[in-house]
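Engineer: This is the structure I want to talk about, given as structure tokens.
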Amino acid sequence: MSPATRCRWGGSGRWSTSARPPGSDIPPGVRPDYEVVVAGAGPAGCGVALRLAQIDPRLAERTLVLDRATFPRAKPCGGGLTGHAEDAMRALDIPLEVDAWPAPGAVVRFGEFERRVVLARPVRVVRREEFDHSLVRLARRRGVDVVEGEGVVAFERVADGVRVRTRRRTLTCRVLVGADGAASVVRKTLHAGRRQRPHRLFKLELPAPPGRPPAADMVYDFTPMVHGLRGYLWVFPVPGNRLNVGLMHYPSRVNRGGGDLVSLLRDGLAEHGLALPDRGVRGWPAWGYHPRAPVSAPGVVTVGDAAGIDALTGEGIAVALEHAIVAGDAIADALRTGDRSFADYRRRLRRAVVGRELALDRWLAWLLYRGRGAWRRWLPLVLFDPEVIELYAARVSGTAVLADHKLRLYRALARHVVKLPGRARALRAAAPPAALLPAA
């Protein structure tokens, strides 16, 4: 397929279908190869396929899931199944078929300051390699064709459907789902011409130090923000006496290259008595959710990382599975009515719980991470305000939707303005000795 025949998304909001070769459309009355082709077999992609099979089991055999990777494969993620992830799994009838570590609490840390938060429901921490592979197996058991080692490389809009190209073949379908992660071919097409900087995530799995069993809780360490990180470092226990460690860096005005971020991870882990090996750590880009960014086009929808991750926490599993439910319902409606414009898909995502939470977290991430000094004003709110900590614990447990408690958040923000001088002093007192934090 020549570059001229690939689909483009122009500023007019319409597909460019110029230079299509003769006979490239799906002729009227001719059945496409599949009703739905899903690019990506992670939680978002398998979740969409499972939702469609739930709605109409006949759709399972008319759905094809393609992934360029071979499972199990690596993924930059802490692996925590939060309460919202567990709720989405129940809605999709996904049993947990891999080992998990039930973390009863979370420790929030900055320098000498630590606060432990007890969770109403433990967060089950999984190894993403195992969890994602289990979803692939589940989709196959439910009748979905999942093909590994074959990814979507290009697509174009044709009459009555979408033409999809891999390195092996060309397929036609009614609907294409972009669930192919941060490097999504579908996302790149929809976002052509848009300027955006990605989040950076680095992740590695380490054995627990000899003679020191891993702590039961998840650790969120904001100490590296003193040294230029705009995000946090995590240490999560996983099954097998191992630790999932990593960090997330928000695309702020503080530029940090991959080498700098690995150094921050190494130094941060040393504070926890952990040594980062010279090799093995991997980094990935990831795109934050934006409520006005394009997430669909005629015949095409995006989900999961391709639609945007949680900008505040980088959480991916819950977002992927919740997106999958919204997308599966929208696709089923489109196939039933024949209206595959997906003109209302962005609104559906935005109005769903997952969309409301993502939009709120985008704003909170902007407050906390955006500039060189903003974190000194807003990190004390996260560390020292009991109500904010209580709300986030409820959200992680799945017992509350943070976006439904905006009034409480606004009150906390107002309270923080009054208490900022004292909290700023507490932040300076907790900071590492080598860090010199200016007064608020």
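The values are calculated or read from the model by the stated rules, or taken from the named source; none is laboratory data. It should be emphasised that the depicted structure is a prediction, and the values quoted were computed from it without experimental measurement. Because the Cβ atoms are built from the backbone with ideal geometry, glycine has one as well, and the counts that use them run over all protein chains shown.
Engineer: If Phe342 passes every condition in (1) part of a helix (DSSP H, G or I); (2) in the same structural domain as Arg58 (by TED's automatic domain parsing); (3) more than 19 Å from Met89 (Cβ to Cβ) but one, which one does it miss?
Structural biologist: Result: Phe342 passes all but (1).
Engineer: Right, another one. Just to check your reading of the model, which residue among Arg253, Arg279 is without any contact (Cβ under 8 Å) to a residue 24 or more places away in the chain and either under 29 Å from Leu367 (Cα atoms) or surrounded by fewer than 20 Cβ atoms within 10 Å (Cβ to Cβ) (or both)?
Structural biologist: The match here is Arg279.
Engineer: Does the stretch 49-58 contain any residue that is of a type in the set (Val, Ile, Thr), closer than 21 Å to Val300 by Cβ and either out of contact with any Ser or Thr (no Cβ under 7 Å at 6 or more places or on another chain) or not assigned by TED's automatic domain parsing to the domain that holds Ala394 (or both)?
Structural biologist: Scanning the stretch 49-58 turns up at least one residue that is of a type in the set (Val, Ile, Thr), closer than 21 Å to Val300 by Cβ and either out of contact with any Ser or Thr (no Cβ under 7 Å at 6 or more places or on another chain) or not assigned by TED's automatic domain parsing to the domain that holds Ala394 (or both).
Engineer: Go through the stretch 285-308 and give me each residue that's within 12 Å of the chain's Cα centre (by Cα) and assigned to a strand (DSSP E or B).
Structural biologist: Pro285, Ala286, Gly288, listed by residue number.
Engineer: Identify all residues within the stretch 313-347 that are closer than 23 Å to Gly80 by Cβ, modelled with pLDDT of 95 or more and in contact with a Lys or Arg (Cβ under 9 Å, 6 or more places away or on another chain); write none if there are none.
Structural biologist: Ile317, Ala324, Ile325, Val326, Ala327
Engineer: Are there strands (runs of 3 or more DSSP E) fully within the stretch 143-237 with at least 3 residues that are touching a helix residue (DSSP H, G or I) at 6+ places or on another chain (Cβ under 7 Å) and assigned by TED's automatic domain parsing to the domain that holds Leu379? List them.
Structural biologist: Output list is empty.
Engineer: Which residue out of Ala100, Ala74, Ala106, Ala91 is of a type outside the set (D, E, K, R), over 16 Å from Leu243 (Cα atoms) and either touching a residue at least 12 places away in the same chain (Cβ under 8 Å) or out of contact with any Ser or Thr (no Cβ under 9 Å at 6 or more places or on another chain) (or both)?
Structural biologist: Ala91
Engineer: Among Ala318, Ala324, Ala311, Ala306, which is in the same structural domain as Asp344 (by TED's automatic domain parsing), buried (at least 24 other Cβ atoms within 10 Å of the Cβ) and over 30 Å from Val164 (Cα atoms)?
Structural biologist: Ala311
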